[in-house]
Amino acid sequence: MAWRWRLEDNAGAAVEIPEETANFPSRADAESWLGECWRDLMEAGVDAVRLLEEEREVYGPMSLHDS
């Protein structure tokens, strides 16, 4: 199974980030990556994320902002 993040702007449109092309082998790997990179993603225009397992949405949207 491949895990990946859908990155979204504040309108819910997909944001393409070249570094975010990888699929992760596990949910834990995907979540760990997000924990390390969320600030960089915000600087690149990402406001929220959705975690996908293959094409199934596991959760989201989850805001990257404090409030």
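The values are calculated or read from the model by the stated rules, or taken from the named source; none is laboratory data. Since this is a predicted model, take the numbers as computed values, not measurements. Cβ: placed from backbone, ideal geometry, glycine included. Neighbour counts: every protein chain shown.
Any idea which of (1) within 19 Å of SER63 (Cβ to Cβ); (2) surrounded by 13 or more Cβ atoms within 10 Å (Cβ to Cβ) is the one GLY12 doesn't satisfy?
All conditions pass for GLY12, except number (2).
In the stretch 58-67, which residue that is closer than 17 Å to VAL15 by Cα and either of a type in the set (Gly, Ala, Ser) or more than 10 Å from the chain's Cα centre (by Cα) (or both) is surrounded by the fewest Cβ atoms within 10 Å (Cβ to Cβ)?
Looking at residues that are closer than 17 Å to VAL15 by Cα and either of a type in the set (Gly, Ala, Ser) or more than 10 Å from the chain's Cα centre (by Cα) (or both), I get HIS65.
Take the stretch 22-50 and flag every residue that is small (Gly, Ala, Ser), within 15 Å of LEU64 (Cβ to Cβ) and touching a residue at least 12 places away in the same chain (Cβ under 8 Å).
Once the filter is applied, which keeps residues that are small (Gly, Ala, Ser), within 15 Å of LEU64 (Cβ to Cβ) and touching a residue at least 12 places away in the same chain (Cβ under 8 Å), the stretch 22-50 yields ALA30, ALA44, GLY45, ALA48.
So which residues in the stretch 43-55 are at pLDDT 95 or above and either more than 11 Å from the chain's Cα centre (by Cα) or surrounded by fewer than 16 Cβ atoms within 10 Å (Cβ to Cβ) (or both), if there are any at all?
Within the stretch 43-55, just GLU53 meets the criteria.
Can you name every residue in the stretch 22-39 that is under 13 Å from TRP5 (Cβ atoms) and part of a helix (DSSP H, G or I)?
ARG27, ASP29, ALA30, GLU31, SER32, TRP33, LEU34, GLY35, GLU36, CYS37, TRP38
In the stretch 1-21, which residues are closer than 14 Å to LEU64 by Cα, assigned to a loop (DSSP other than H, G, I, E, B) and within 10 Å of the chain's Cα centre (by Cα)?
Residue satisfying the conditions is VAL15 alone.
For the stretch 56-67, enumerate the residues that are under 13 Å from TRP5 (Cβ atoms) and either charged (D, E, K, R) or in contact (Cβ under 8 Å) with a residue 60 or more places away in the chain (or both).
GLU57
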